[in-house]
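Written below as structure tokens is the structure these notes are about.
The values are calculated or read from the model by the stated rules, or taken from the named source; none is laboratory data. Please read all numbers here as calculations on a predicted model, not as lab measurements. Don't worry about glycine lacking a Cβ; one is built from the backbone with ideal geometry, like all the others, and counts go over all protein chains shown.
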Amino acid sequence: MNNSLISNSNKQSNSALPWQLLVLSSKTESGLETTTDNLAEFLNQNSEINFNDLAYTLQVDCQAFNHRRILVCCDRQDAASALTTRDPKRIFNSSIQETNNQSIVFMFPGLGEQYVNMALQLYQLEPTFREHIARCSELLKPHLGFDLRDVLYPHQEQAEQVRQANNPAAVMSSQKLDLRRMLQRDQTPVDVNTQKLNQTYIAQPTLFVIEYALAQMWMAWGIKPQALIGYSISEYVAATLAGVLSLEETLALVAKRGQLIQQLPTGAMLAVSLSEIELQPLLTEHLCLSAVNGPQLCVVAGSTEAIAKLEQHLLKDGIACRQLQTTHAFHSPVMEAILEPFIQLVKSFDLKPPQIPYISNVTGTWITAMEATDPSYWGRHLCQTVRFADGIETLWQMPAQILLEVGPGQTLGSLALQHPASAKVSERLVLASLPNSYDQQSHLAFSFNTLGQIWLAGVSVDWSKFYGNRHSSTLPLPTYLFENQHHGRESQKEQWQKTHKESDNNVLSSQEQESIQIAQQRQRLNLQNSYVAPRSNTEQKIADIWQKIFRIQQVGVYDNFFSLGGNSLVAIKIISQLKKIFPTDIPTIAIFKNPTVAELASVIEEQVLAETKTLNQEQVGSFTSTTISDSK
């Protein structure tokens with residue numbers, strides 16, 4: 001190792017992050033494998049390396065070729081281990097075409113996925129995100145009468161200590177679950193901070209602020225949207241980014257909108273696995289169609305009593321449904337009581353034509369300048385049905401694109417993937433910015449992983465903007481690590497082959513054949529991880545159910561439920577099928593906390609073993625012989 005490398009390695013970054021994004025690329029699949037092996041060996045042999053600077057060097061000093069690989073990791077040892085084993089849960093790959101002009105669409109989710117400490121780690125460690133959270137919170141103070149950050153992040157230091165208590169690598173992988181708490185259907189009393197956050201007059205501006213700050217963060221990283229779509233209240237985020245309203249105007253409008261709704265009678269909303277036509281006969285004067293989210297997925301709004309009766313009726317008929325986390329019947333005639341004062345408020349603002357195309361919830365197609373600048377449009381938006389399914393169909397008519405959900409959870413991504421129009425799009429990728437409330441992994445690592453997958457798709461990332469004002473230096477890495485990837489440097493492939501005596505051409509041929517198989521497997525729906533086949537009877541049975549429900553030929557044990565298009569109603573369907581196969585009762589929340597086949601199989605087997613004490617020996621032998629023993 002040369003002296004300059006040692007010198008740079010010993011220099012401490014004044015703002016090193018707990019997570020780093022490693023990016024690798026090569027002109028060939030075999031070259032990518034060689035580069036990965038070389039880097040793993042280099043990391044094992046150089047304990048003094050400044051890992052922050054290494055990640056920076058790989059991003060800014062190496063040319064990006066078409067065969068790509070990413071890894072989000074916490075330190076040198078973690079990276080070396082994951083690269084050596086090719087950890088299929090954490091390493092993502094792609095082989096892109098020579099020309100890649102994918103459009104990026106920002107999708108902003110509505111109420112229902114918010115939770116206390118949303119994006120806390122980003123708030124603490126990402127300057128751009130923190131700056132916009134702070135600015136919005138200050139602008140909202142006169143309208144709300146308090147600092148929104150006190151509700152969103154009530155115990156910043158305590159929450160961060162809990163998050164950092166475990167080794168970051170362990171947090172990134174499977175989470176240890178409290179099985180007893182999970183089997184109690186997660187009926188833990190809602191804490192006071194969550195109760196406060198879920199109040200409409202707080203939830204609406206909070207969601208706007210989080211999504212607006214996330215959008216600004218992505219754009220600061222060089223990820224610029226060519227189109228936008230927001231769900232319900234979050235259409236205001238799209239309108240603000242498009243220039244229809246200024247940030248100051250939108251914050252005042254959203255705050256007042258929430259306060260007006262808060263004064264209305266409380267209500268409830270129910271997501272139902274039925275089409276709009278099938279649902280119509282069930283609607284009454286107390287129940288209305290609030291949203292159409294898919295060909296077989298609608299939302300009904302109404303009084304608390306009427307929604308409860310409808311839910312019981314549907315459950316008796318075996319129809320999947322779920323009450324949403326809300327306090328009012330949004331997008332229903334109930335909203336008409338505040339329509340006039342709301343429209344008068346909108347008239348006081350200077351509405352301008354959109355500068356970025358975005359989809360209207362009211363029409364389900366591209367909003368026009370006339371609509372965006374008409375105060376009565378925003379009144380209709382308040383009261384009428386959200387035509388989100390139509391909006392997704394409109395989006396899928398665009399050429400190759402990346403749909404990025406900019407907000408908490410992965411609900412909109414699921415709706416987009418489940419829509420039949422997605423099957424007609426050959427090049428598509430649906431990603432999320434933040435995990436859902438059940439997922440305890442690092443928010444920073446999650447967003448870094450999403451950024452890496454965008455890079456895998458061929459989108460150029462502005463790495464200098466990604467680092468912002470954080471100090472990083474490039475390292476003079478030895479050229480044998482790469483295959484002609486450093487700008488202006490001669491390829492070292494022949495030297496590498498000579499050093500390691502790779503004289504057997506059959507080995508390379510075998511690698512190439514394996515790479516072709518991997519490339520074919522990567523064509524699976526919205527997945528950039530390699531396929532790993534089920535290893536036990538339990539995993540196989542779960543994979544079979546997923547393949548049928550998601551309509552995909554191959555589901556691997558590390559494929560993510562949300563990346564496949566899963567949502568709460570899909571989870572209910574899966575649980576219903578699992579109950580027919582396994583002699584145990586698994587709550588729906590188990591899928592959210594264990595979103596891969598491997599993790600879900602582990603929970604099922606663990607629970608069955610825990611329940612065997614109450615089963616007779618014959619039942620125990622019957623189940624364990626067909627499940628647990630197959631995994632040995």
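Contact map, the stretch 257-275: residues that are over 21 Å from PHE388 (Cα atoms) paired with residues that are aliphatic (A, V, I, L, M) and in a loop (DSSP other than H, G, I, E, B), Cβ distance under 9 Å, separation 6+ or inter-chain. Pairs shown: LEU264/ALA329; PRO265/ALA329; THR266/ALA329; GLY267/ALA329.
Okay, residues lined up against (1) surrounded by 15 or more Cβ atoms within 10 Å (Cβ to Cβ); (2) in a loop (DSSP other than H, G, I, E, B); (3) more than 32 Å from the chain's Cα centre (by Cα); (4) at pLDDT below 70:
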| site | (1), (2), (3), (4) |
| --- | --- |
| LEU444 | yes, no, no, no |
| SER473 | no, yes, no, no |
| SER503 | no, yes, yes, yes |
| GLN513 | no, no, yes, yes |
| GLN540 | yes, no, no, no |
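Checked against the criterion of being in contact (Cβ under 8 Å) with a residue 60 or more places away in the chain and in a helix (DSSP H, G or I), the candidates LEU415, LEU403 yield just one match: LEU415.
VAL459 fulfils the conditions (1) in a loop (DSSP other than H, G, I, E, B); (2) at pLDDT 90 or above; (3) closer than 19 Å to GLU235 by Cβ except for a single criterion, (3). Of the residues making up the stretch 304-318, none is of a type outside the set (D, E, K, R) and more than 30 Å from THR284 (Cβ to Cβ). The residues of the stretch 572-602 that are in contact with a strand residue (DSSP E or B) (Cβ under 9 Å, 6 or more places away or on another chain) and part of a helix (DSSP H, G or I) amount to a single one, ILE572. Could you list all residues from the stretch 43-61 that are surrounded by 19 or more Cβ atoms within 10 Å (Cβ to Cβ), of a type outside the set (A, V, I, L, M) and in a helix (DSSP H, G or I)? The answer is PHE51, ASN52, ASP53, TYR56, THR57, GLN59.
With the structure loaded, tell me whether VAL299 is touching a residue at least 60 places away in the same chain (Cβ under 8 Å) and either within 28 Å of the chain's Cα centre (by Cα) or not in a loop (DSSP other than H, G, I, E, B) (or both) or whether it fails that test. Answer is yes for this residue. For the stretch 296-349, taking the residues that are over 22 Å from VAL254 (Cβ atoms) and in contact with a helix residue (DSSP H, G or I) (Cβ under 6 Å, 6 or more places away or on another chain), the one that is surrounded by the most Cβ atoms within 10 Å (Cβ to Cβ) is identified as CYS298.
Residue under question is GLN164, and the condition is that it be more than 26 Å from PHE330 (Cβ to Cβ) and at pLDDT 50 or above; does it hold? In short, no.
Taken over the stretch 340-376, the residue count meeting the criterion of being more than 25 Å from VAL299 (Cβ to Cβ), without any contact (Cβ under 8 Å) to a residue 24 or more places away in the chain and outside any helix (DSSP H, G or I) is 3.
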